[in-house]
Every structure is written in structure tokens, then in C-alpha cells.
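Encoded as C-alpha cells, the structure appears first; notes follow it.
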Amino acid sequence: MDINIPMKNGNLLDKYTKHTDNQYKENGRPSISFPVDIDNIPADTKSLAFSLTDLDSIPVCGFEWIHWIGANIDPKIKHIPENAAKDNSIEYDHGYNSLAGGLLNMKNDPMSLGYVGPTPPNKKHNYTFTVYALDEKINLNNGFWYNEMIHKMNRHIIEQEVLNLPVEN
């Protein structure tokens, strides 16, 4: 598989990060998800899933921060449009990000389901975007957790592709 996400000078575009204009923020956080093009999807793929996480957050908050997860995308869809996390322009199951977890306990915040953009607090962070081609549609509904998705994908991943998305502080 091949993943293409708009970048400038090797970094995720500011529009999708803490550097965006206030018009693209909700509750002070970046809220517009970036577009994704996916090519060369294996022929036997029955669904796609994805994750956007921040391993560089571990020294800051003690865990891998989850920014955006989704599952059960029809593999015929090769383009996830900008703001698909909010405008439902394509059908997929939306998972909780780290705002909803027990540490922050912001599950009632509308930003906790879907995309919450990168906001590196202390230095440049490298965000990991992974697309999974699966041999079945996995049993998840809106409001699932990342660990549930990982467990349900076990033994169903045909191929996965990882893209590093740096964001300057």
C-alpha cells in the first residue's frame, strides 16, 4: 500500500496541527482532519483501518497519545477527504482518542471521538499514521478504544503501511 498525506518541508501541514488558525480549532484544539490517499490496496482487502498516534508523548504524559483512529472503511474508498472525522463524508467507525481516556476523562467532549490534531508541547514530535488492510470487516462500532481495534485486527492484517508525520513545536 501507498499512503499520501499533504506535507510541507517534511512536516504535516500546519492546518491540521496546533499551528492552525482558530477557525480550524474546537475548544482550542486542532479539529480538521487531514486528507489521506491510499493506493495499491491488496486485492483481497475487505476493510481498512487506521491510527494516528504520538510515541513522543510517552516522556511527556506517560503513554502513547491517540489522536485519531478509524475502522471498517470500504477498500474501494481510496481517498479519505479533509475533515472526514467530523463531516461523515465517508462511512467508517470512529474511535475514541486520548481525550476520552481515564487520565483526562473528557469522554463527553465532542473532540474525544474522532480527530484531535497534533499539539506537541515541548519539542518536535513524530506522529505515526498507520493504515491496515484487513481480510474482514471487524466487529466495532462508533466509540471503540484503540486496544479493542488492535485485538480485533489480530490475525486479520493483510498488509500495513506506516507514515511518519513530523510536527514542529
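Positive-end ranking of A133, L12, A49 along the dipole of the chain, with charges on Cβ about the Cα centre, is headed by L12.
I need the shape label for the range 104-169. Rule: rounded when a/c is under 1.5, else prolate if a/b > b/c, else oblate, with a, b, c from the alpha carbon gyration tensor.
Oblate.
For N4, the shell of other residues with beta-carbons less than 15 Å away shows a net charge of -3, using +1 for Lys and Arg and -1 for Asp and Glu. Say the cut-off is 28 Å between C-alpha atoms; which of K25/K152; K78/K152; K8/K46; K18/K86; K86/K124; K25/K78 go over it? Correct reply: K25/K152; K8/K46.
Just order 7-15, 76-84 by mean Cβ neighbour count inside 10 Å, highest at the front, would you?
Working: 7-15: 14.4, 76-84: 16.7.
With the highest mean Cβ count within 10 Å placed first, the list reads 76-84, 7-15.
Report the Cα centroid-to-centroid distance between the range 1-67 and the range 135-154 in angstrom, as an integer. Comparing the Cα centres of the range 1-67 and the range 135-154, I get a distance of 19 Å.
Please compute the volume of the convex hull spanned by the alpha-carbon atoms of the range 2-100 and report it per residue in Å³.
Details: hull volume 12.1 nm³, N = 99.
About 122 Å³ per residue, rounded to a whole number.
Accessible area per residue for the range 66-169 in Å², computed with a 1.4 Å probe and the full protein assembly in place, what is it? Here the per-residue accessible area is 48 Å². Summing Lys, Arg as +1 and Asp, Glu as -1, what charge do residues with Cβ under 14 Å from the Cβ of K78 carry, K78 excluded? Summing Lys/Arg as +1 and Asp/Glu as -1 gives -4.
Dividing the summed helix terms, -39500 (n - 2.57) for each DSSP H run of n ≥ 4, by the number of residues in the chain produces a 222 nm estimate of -2000 deg cm²/dmol to the nearest 500. Backbone amide hydrogens, once placed in the peptide plane, bring K46 within less than 5 Å of L134, D135, E136, excluding anything fewer than 5 places away on its chain. Take R29: with every protein chain present and a 1.4 Å probe, its accessible area is about 60 Å².
The values are calculated or read from the model by the stated rules, or taken from the named source; none is laboratory data. This one's a predicted model, so the numbers in the text were calculated from it and none came from an experiment. With ideal geometry, Cβ positions are generated from the backbone for all residues, glycine too; neighbour counts draw on all protein chains shown. Surface accessibility is based on the protein's heavy atoms, side chains included, excluding ligands, DNA and RNA. Shrake-Rupley method; radii C 1.70, N 1.55, O 1.52, S 1.80 Å.
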